[in-house]
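The values are calculated or read from the model by the stated rules, or taken from the named source; none is laboratory data. On a predicted model such as this, the values are computed, not experimentally measured, just so you know. Neighbour counts run over all protein chains shown; Cβ positions are idealised from the backbone, glycine included. SASA here: full protein model, heavy atoms, side chains in, ligands and nucleic acids out. Shrake-Rupley method; radii C 1.70, N 1.55, O 1.52, S 1.80 Å.
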Amino acid sequence: MKKKIVGILLSITTATTLFVVCENKVATVNLIEKDKLDKGIENVVITEDISDTAKKNLMDNHFNDHSINTVTEKIVDYETLGIKEYEYPSEFYIGDNLKTAITQLALSYENFNKDSISNENWKEDFIAKFIQNSRLSFDYLDRISNKNNGQISTKELNYIQYSLTNTELDFSSYVDSTVNRNDSASSLNYGWISEYDYEYTNIGVVITANFEVGYDGIDSIQKREITVELIKNPYSCFDGYSVIAVSSKTVTSSFQNKANNDNQIKKDDELENLIGEYDYLSDDGIGKLIIKKTSYGYDISDYESESSYRFLADSSNIETIENNRIYIKYPEQVFSDDTVIFNYYILEYSTDEIKVYYRKSVLEEAQFLYHAIKKNEEDIDNKNKSRTQNANSI
């Protein structure tokens, strides 16, 4: 903890007054406030009512005394920062600022408590998750960031961290004078509180809430139940509360794939409309692209000739369908050690036609392969009859 000698306790002159040497000046301190001074709280009442002669004598006799009491410099200075006391509503509710704090802690920690704050990585984690986080926003951070072009001072870091945890920490030895809020990134997960209950305690509130977590690039939701312990902190920028602890447990053992199910329905609807045979010119004559429904989904087969094929894919090989394009990730080779080499096909479809593109890796540009035209039902029926007649003649 950073300390600064701002006062030397000297001698009691009356029943209610003691002397203090402060920045080469001598003043009196109300003895009623002495306990605050001894505890390192720098909001004592000082009155300069001592004579110049007494001031000189006291300084000559005591200024170099090494057995002195020191007053701790304020880590969190509400007055300098212009922080006003929070006015609590008649009934508790989770305001937007507090919701932001709880959400970020629940995303970052399965169990958050005082041990998390004492961890050597806490200051780094705090800056990354609550200051330089492009997903996160709360009123005080936005206000000072806009005012100071994204620069957050150490005093402001001290205040925000204290607002969050109700524990004083000094960032002045950890960072330079400021941290750039705009030098930000974000994690891949995000979350929200869907509903909650609460009960009052002697020091604040305990919340139990349903909490849902999503991940970028994954159409899935994980459901958790979180318990949050809050303590009243009238000067906290998180709606007058600090978070003492957060604990979390998973309600569902696996991700809920509602979004995946919706996507599968969309895939099936698109493939249903594309069912049929499509002819194209190949090096071996007439090639066929066939899309058909099976008992387990859909098959997409590309026969370059009667005796060779380019790929035999099914629904599991389809990565996505969007913008009238089917994206297929096809296992071209599978080795004995389970190593798989994939090739990638794109089927761009419109009414009664499909253009097929190919690339060896996701980094390569797709190359055009062919343009296939859908056969009408009459052509297919005639062909099937021809095949049946040829078989009977054999």
Got a number for residues in region 181-195 being touching a helix residue (DSSP H, G or I) at 6+ places or on another chain (Cβ under 9 Å) and either aromatic (Phe, Trp, Tyr) or within 22 Å of GLU124 (Cβ to Cβ) (or both)? 9
Matching residues, region 155-178, being in contact with a strand residue (DSSP E or B) (Cβ under 9 Å, 6 or more places away or on another chain) and crowded, with 17+ Cβ neighbours inside 10 Å: GLU156, LEU157, ILE160, TYR162, SER163, LEU164, THR165, ASN166, PHE171
Mind listing whichever residues of region 262-317 are of a type in the set (A, V, I, L, M, F, W, C) and without any contact (Cβ under 8 Å) to a residue 24 or more places away in the chain? ILE265, ILE275, ILE286, ILE290, ILE291, LEU312
The condition from (1) without any contact (Cβ under 8 Å) to a residue 24 or more places away in the chain; (2) over 23 Å from TYR215 (Cβ atoms); (3) open to solvent by less than 60 Å² (accessible area, probe 1.4 Å); (4) assigned to a helix (DSSP H, G or I) that ASP115 misses is numbered (3)
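Taking region 179-193 only, how many residues are of a type outside the set (Asp, Glu), at pLDDT 85 or above and open to solvent by 60 Å² or more (accessible area, probe 1.4 Å)?
Pass one, region 179-193, residues of a type outside the set (Asp, Glu): 179-182, 184-193.
Adding the requirement that they be at pLDDT 85 or above leaves 179-182, 190-193.
Subset that is open to solvent by 60 Å² or more (accessible area, probe 1.4 Å): 182, 190, 192.
Residues that pass the stated criteria total 3.
Can we say ILE231 is part of a strand (DSSP E or B) and within 25 Å of GLU120 (Cβ to Cβ)?
Details: part of a strand (DSSP E or B): yes; within 25 Å of GLU120 (Cβ to Cβ): yes.
Yes; evaluated as a whole, the condition is true for this residue.
Given the residues GLU124, GLU110, GLU87, GLU91, which is the only one that is of a type outside the set (Phe, Trp, Tyr) and closer than 19 Å to ASP170 by Cβ? Quick ask: steps written out before the conclusion?
Details: GLU110 fails: closer than 19 Å to ASP170 by Cβ; GLU87 fails: closer than 19 Å to ASP170 by Cβ; GLU91 fails: closer than 19 Å to ASP170 by Cβ.
The unique qualifying residue is GLU124.
Free of Cβ contacts under 8 Å to residues at least 40 places away in the same chain, open to solvent by less than 20 Å² (accessible area, probe 1.4 Å), in contact with a helix residue (DSSP H, G or I) (Cβ under 7 Å, 6 or more places away or on another chain) and at negative phi: does that describe ILE152? Quick ask: steps written out before the conclusion?
Numbers: free of Cβ contacts under 8 Å to residues at least 40 places away in the same chain: yes; open to solvent by less than 20 Å² (accessible area, probe 1.4 Å): yes; in contact with a helix residue (DSSP H, G or I) (Cβ under 7 Å, 6 or more places away or on another chain): yes; at negative phi: yes.
Answer is yes for this residue.
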Residue count, region 227-247, condition crowded, with 22+ Cβ neighbours inside 10 Å and closer than 13 Å to THR208 by Cβ, comes to 3
Out of all the residues in region 277-292, which are at pLDDT 90 or above, surrounded by fewer than 17 Cβ atoms within 10 Å (Cβ to Cβ) and over 48 Å from the mean Cα position of the chain (by Cα)? ASP279
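Every residue, every condition in (1) without any contact (Cβ under 8 Å) to a residue 40 or more places away in the chain; (2) open to solvent by 60 Å² or more (accessible area, probe 1.4 Å); (3) in a loop (DSSP other than H, G, I, E, B); (4) in contact with a Leu (Cβ under 6 Å, 6 or more places away or on another chain), yes or no:
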| position | (1), (2), (3), (4) |
| --- | --- |
| SER90 | yes, yes, yes, no |
| ILE94 | no, no, yes, no |
| ASN97 | no, no, no, no |
| THR103 | no, no, no, no |
| ALA106 | no, no, no, no |
| ILE127 | no, no, no, no |
| TYR140 | no, no, no, no |
| ASN146 | yes, yes, no, no |
Can you pull out the residues in region 163-221 that are assigned to a strand (DSSP E or B) and among the charged types (D, E, K, R)? GLU195, ASP197, GLU199, GLU212, ASP219
In region 323-340, how many are assigned to a strand (DSSP E or B), among the β-branched types (Val, Ile, Thr), more than 20 Å from LEU274 (Cα to Cα) and open to solvent by less than 70 Å² (accessible area, probe 1.4 Å)? 1
Out of the residues in region 344-376 that are polar (S, T, N, Q) and in a strand (DSSP E or B), which is surrounded by the fewest Cβ atoms within 10 Å (Cβ to Cβ)? SER350
Can you tell me how many residues in region 288-315 are farther than 17 Å from ILE346 by Cβ and among the small types (Gly, Ala, Ser)? 5
Output for region 293-322, where each listed residue is under 36 Å from the mean Cα position of the chain (by Cα) and either open to solvent by less than 30 Å² (accessible area, probe 1.4 Å) or β-branched (Val, Ile, Thr) (or both): SER315, ASN317, ILE318, THR320, ILE321
